[in-house]
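Beneath this line is the structure, given in structure tokens, with notes to follow.
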């Protein structure tokens, strides 16, 4: 299929929300099965946002057995029509770089914005705004969305092959975002920063994000799952 010349790629790194393998830092207080339900809800809400972005092709770099996940029928339906391919590589940084390379091969010459399944509060408008600088004729080479915990929630590249420069950046550290930004700039890329977001790793994160999403009438599945497992929801910032 021939894509319009302004088509961008929205790349989602995702894994099957299998009990014992998904959102394990929610345990305790959640059980592994409850944590998997929260992860499934977060993934479903994220897929909704990806599919709603105009002028973008949704790509999903996938790992894990969907057959072992809760809400698998809903997830299978939500993934239908998206380009789903297997993650490759060992370390997370390597998997990210290889997923961007795969996106480049599917949409040559088009920008790629990559997110994960830890920010279910994202709306289609957030993703559209994040892509805008990469679509601008004289915009930056890259965009990076810092996360409250020191990591990052989004990486966008005008040339997705440039993701190779972060393959060796250690992940899940308080300085992952800083190291990623340094690696991109050291490679000569002009990087614009996106608004900071809170991603969901711990129960505290889940409660905070769900409360804010509830106030903004977004991420309905995630809000319901967190409310069922971890209620009550406190007030929090997005």
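The values are calculated or read from the model by the stated rules, or taken from the named source; none is laboratory data. All values reported here derive from a predicted model rather than from experimental measurement. Note that each Cβ is placed from the backbone with ideal geometry, even for glycine, and that neighbours are counted across all protein chains shown.
Residues are listed down the side, and each one gets a yes or a no for (1) buried (at least 16 other Cβ atoms within 10 Å of the Cβ); (2) touching a residue at least 40 places away in the same chain (Cβ under 8 Å); (3) in contact with a helix residue (DSSP H, G or I) (Cβ under 8 Å, 6 or more places away or on another chain):
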residue	(1), (2), (3)
66	yes, yes, yes
69	yes, yes, yes
80	no, no, no
83	yes, no, yes
91	no, yes, no
109	no, no, no
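Pick out the one residue from 198, 158 that is within 23 Å of residue 105 (Cα to Cα), touching a strand residue (DSSP E or B) at 6+ places or on another chain (Cβ under 9 Å) and surrounded by 14 or more Cβ atoms within 10 Å (Cβ to Cβ). Break it down stepwise before answering.
Numbers: 198 fails: within 23 Å of residue 105 (Cα to Cα).
Checking each option against the conditions leaves just 158.
Out of region 24-55, which residues are in a loop (DSSP other than H, G, I, E, B) and closer than 18 Å to residue 122 by Cα? Outline the logic, then answer.
Quick first cut of region 24-55, residues in a loop (DSSP other than H, G, I, E, B) only: 27-31, 52-55.
The answer is 52, 53, 54, 55.
Every residue in region 173-184 that is farther than 22 Å from residue 14 by Cα and in a helix (DSSP H, G or I), please. Reasoning before the result, please.
Let us first name the residues in region 173-184 that are farther than 22 Å from residue 14 by Cα, namely 175, 178-179, 181-184.
Once the filter is applied, which keeps residues that are farther than 22 Å from residue 14 by Cα and in a helix (DSSP H, G or I), region 173-184 yields 178, 179, 181, 182, 183, 184.
Could you tell me how many of the residues in region 85-119 are more than 24 Å from residue 24 (Cβ to Cβ) and assigned to a strand (DSSP E or B)?
3
Does region 131-142 include one or more residues that are crowded, with 20+ Cβ neighbours inside 10 Å, in contact (Cβ under 8 Å) with a residue 12 or more places away in the chain and either at positive phi or in a strand (DSSP E or B) (or both)?
The answer is yes; a qualifying residue exists.
Filter region 14-30 for residues that are closer than 14 Å to residue 199 by Cβ and surrounded by fewer than 21 Cβ atoms within 10 Å (Cβ to Cβ) and give the result.
Within region 14-30, just 25 meets the criteria.
Residues being part of a helix (DSSP H, G or I) and either modelled with pLDDT under 95 or surrounded by 14 or more Cβ atoms within 10 Å (Cβ to Cβ) (or both): count how many of those fall in region 185-195.
Residues that pass the stated criteria total 1.
Residues in region 212-222: is at least one without any contact (Cβ under 8 Å) to a residue 60 or more places away in the chain, in a helix (DSSP H, G or I) and over 23 Å from residue 25 (Cα atoms)? So that I can check it myself, show each step before the final result.
Kept after step one, since they are without any contact (Cβ under 8 Å) to a residue 60 or more places away in the chain, are these residues of region 212-222: 214-215, 217.
Pick out the ones that are also in a helix (DSSP H, G or I) and you get 214-215.
From what is left, the residues that are over 23 Å from residue 25 (Cα atoms) are 215.
Yes, that holds for at least one residue.
Matching residues to (1) under 14 Å from the mean Cα position of the chain (by Cα); (2) modelled with pLDDT of 95 or more; (3) more than 25 Å from residue 202 (Cβ to Cβ):
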| residue | (1), (2), (3) |
| --- | --- |
| 57 | no, no, yes |
| 67 | no, yes, yes |
| 80 | no, no, yes |
| 83 | no, no, yes |
| 90 | no, no, yes |
| 105 | no, no, yes |
| 119 | yes, yes, no |
| 126 | yes, yes, no |
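Can you confirm whether region 225-238 contains a residue that is within 17 Å of the chain's Cα centre (by Cα), surrounded by 14 or more Cβ atoms within 10 Å (Cβ to Cβ) and either at pLDDT 95 or above or not in a helix (DSSP H, G or I) (or both)?
Residues of region 225-238 that are within 17 Å of the chain's Cα centre (by Cα), as a first pass: 238.
Now restrict to residues that are surrounded by 14 or more Cβ atoms within 10 Å (Cβ to Cβ): 238.
Keeping just the survivors that are either at pLDDT 95 or above or not in a helix (DSSP H, G or I) (or both) gives 238.
Yes, some residue in region 225-238 is within 17 Å of the chain's Cα centre (by Cα), surrounded by 14 or more Cβ atoms within 10 Å (Cβ to Cβ) and either at pLDDT 95 or above or not in a helix (DSSP H, G or I) (or both).
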